[in-house]
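Scroll down for the structure; my scribbles are underneath it.
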Amino acid sequence: MSSGSTTFERSAGFVAFVGAGPGDEGLLTLRGADLLSKADVVVLDREPYGTLLRHCRENVEVVDTANEEAISLRAVNAAKAGRDVVRLCAGDPMFFSAITDEVAACAKAEVDFEIVPGVPAATAVLTYAGIPAAVSVPEFRVVDATQVDDWSAHATGAGTLVIYNGLSQAAAIGKALITAGRPDSTQVAISGSGTTTEQYTVVTTLGRIAPDLKHAGMTEPALIVVGEAVGMRERLSWFETKPLFGWRVLVPRTKEQSAGLVEQLRSYGAVPEEVPTISVEPPRTPQQMDRAIKGLVTGRYEWVAFTSANAVKAVREKFEEYGLDARAFAGLKVAAVGEATARALVSFGVKPDLMPSGEQSSEGLVAEWPPYDSMLDPINRVLLPRADIATETLVAGLTELGWECDDVTAYRTVRAAPPPAPTREAIKSGGFDAVMFTSSSTVRNLVGIAGKPHNVTVIAVIGPQTAKTAEEFGLRVDVMADKPSASALASALAEYGAKQRQAAVAAGDVPRRPSQTRRGARRRAK
């Protein structure tokens, strides 16, 4: 048996007990992610650690602890069969964990194993709540409420007391600590669902735990923090004060386009949910694109203008089909309608020669485009690979400037299938806090496949045209980007959320998400 191995490259199987952290998937250690990437079998609690499977190979076998009684036997048998097993454990495997019997089973069976520390809730949840673990008094005590019969031993310490598994007995614990000598005015924080976007913290005192928790709607896992460090929260809170903290934001876009936007929204504390409203498909007949690619390679064009990332993707796929790469653009001038399109080109290995300096649109691109000059331009033809429903603005503008345009359908956009029933119901009933519309077509298609968003939902749009379409469908526009980009739209929504929060705090109210203002929504006490 070995407990210090650092690689899966061995003849026999292996079991790694990996600390998954307290809930935020970003707190998984690098060692844990590496082991997951090489695992044949992963044993985990689907809630809340299912998202960590993104580190795994596609063919990994997943065992849910909720449906498996003999976890240790399953892991041992898999390892003996030569398979590499990762057993994900909440927090840190050796910190108030129940997996010691599973580790012992591996040792008894002489199965190679490793224990990988994880970030424990005792420190992480406090940090996410803005409470320093040790302040002024260098003492930090962590206890499991289920193992404590007499609280007097924990009442005399001057430092921070952190209590696991005590939510159901919180009021009784408070009384016991007061009886044992702690002042009833001692500050207390109770944090539920720590380090996730569902985190919620109630700040109270030992003497007021019962009334202040009464309407909080909090459930385990939760931590109770007792001590003067709680008083630092008002100045140090950073997680629950994010501008869109806990907001459920609908992103009605194609998945290829939404990855960067989703990450940006998460950085603001939001919980983005992607609902594809547009499906991108190849042209019905490929001949037009085939001729365009051939003309591009043989020198038919002076310019190629890309009006979307999807157009870049379509051309790139055609290049790969013919065994071409970005070198085929040598000698060509390339234009991009905006930042997202430019990023797609750069990832392909092509740097745009022309982009709008103002409005990122066809009109903005035409405003920058040089007129055709027979003395400077040996060829007067422009290739425009675009969607089947693209506007004629760019073609008309370039034609007026003396250019001839080959307007080629590179891809088709069709309405996507309706989202699952729970998502449709959330859209119509106000379960989403905000919807981000990045084009008029996303407005039309979302309403078409899922219905109109509830009137409590914040409607955020990318520009005036999208706002006009939203209003035509009877939607109230609350937020509009200052420039037509998805990133600017996310920033504008975050600014809106920050102002709503500041207004609530200034009025002495508890900040509430838009979905919490609808009739019947659960309300939390301060």
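Selection of the stretch 195-207 for residues being in contact (Cβ under 8 Å) with a residue 60 or more places away in the chain and open to solvent by 10 Å² or more (accessible area, probe 1.4 Å) yields T196, T197, Y200, T201.
Whenever a residue of the stretch 478-497 is within 19 Å of K468 (Cβ to Cβ), its partners that are in a helix (DSSP H, G or I) and of a type in the set (D, E, K, R), lying with C-beta atoms within less than 6 angstrom and at least six residues away or across chains, give the pairs S485/E339. Residues in the stretch 176-193 include at least one that is surrounded by 21 or more Cβ atoms within 10 Å (Cβ to Cβ), touching a Lys or Arg at 6+ places or on another chain (Cβ under 7 Å) and closer than 18 Å to L236 by Cβ.
Cβ-Cβ distances below 7 Å connect no pair with a first residue in the stretch 319-334 that is touching a residue at least 60 places away in the same chain (Cβ under 8 Å) and farther than 10 Å from V297 by Cβ, a second residue that is open to solvent by less than 80 Å² (accessible area, probe 1.4 Å) and among the basic types (K, R), and a separation of six or more residues or different chains.
Taking every residue in the stretch 281-306 that is closer than 30 Å to A416 by Cβ and in contact (Cβ under 8 Å) with a residue 12 or more places away in the chain and pairing it with any residue that is part of a helix (DSSP H, G or I) and of a type in the set (D, E, K, R), at least 6 positions away or on another chain, the pairs with Cβ-Cβ distances below 8 Å are M289/K318; D290/K318; I293/K318.
Listed here are the residues, each with its yes/no results for (1) polar (S, T, N, Q); (2) farther than 25 Å from M480 by Cβ.
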position: S347; (1), (2): yes, yes
position: P352; (1), (2): no, yes
position: S357; (1), (2): yes, no
position: V366; (1), (2): no, no
position: L384; (1), (2): no, yes
position: E400; (1), (2): no, yes
position: A421; (1), (2): no, yes
position: K428; (1), (2): no, no
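Here R248, R253, R233 are screened, and the one residue that is more than 25 Å from D24 (Cα to Cα), open to solvent by 10 Å² or more (accessible area, probe 1.4 Å) and not aliphatic (A, V, I, L, M) is R253.
Taking the condition open to solvent by less than 70 Å² (accessible area, probe 1.4 Å) and touching a Leu at 6+ places or on another chain (Cβ under 6 Å), does A344 pass? No, not satisfied.
Counting only helices (runs of 4 or more DSSP H) that sit completely within the stretch 83-193, those holding 2 or more residues that are closer than 16 Å to I224 by Cβ and of a type in the set (G, A, S) correspond to 121-128, 170-179. With the condition kept exactly as written, say whether any residue in the stretch 468-484 is closer than 16 Å to P243 by Cα, open to solvent by less than 20 Å² (accessible area, probe 1.4 Å), of a type outside the set (F, W, Y) and at pLDDT 95 or above. So far as the stretch 468-484 goes, yes, one or more of its residues are closer than 16 Å to P243 by Cα, open to solvent by less than 20 Å² (accessible area, probe 1.4 Å), of a type outside the set (F, W, Y) and at pLDDT 95 or above. Residue count for the stretch 149-163 under the criterion of being open to solvent by 30 Å² or more (accessible area, probe 1.4 Å) and either of a type outside the set (S, T, N, Q) or within 33 Å of the chain's Cα centre (by Cα) (or both): the result is 5. In the stretch 355-379, what residues are touching a residue at least 40 places away in the same chain (Cβ under 8 Å) and either surrounded by 16 or more Cβ atoms within 10 Å (Cβ to Cβ) or of a type in the set (V, I, T) (or both)? Q360, S361, S362, L365, D377, I379, listed by residue number.
The values are calculated or read from the model by the stated rules, or taken from the named source; none is laboratory data. Treat the numbers as computed from the prediction; the structure is a model and nothing was measured. Glycine also receives a Cβ, built like all others from the backbone with ideal geometry; neighbour counts cover every protein chain displayed. The area values use the complete protein model at the heavy-atom level, side chains included, leaving out ligands, DNA and RNA. Shrake-Rupley method; radii C 1.70, N 1.55, O 1.52, S 1.80 Å.
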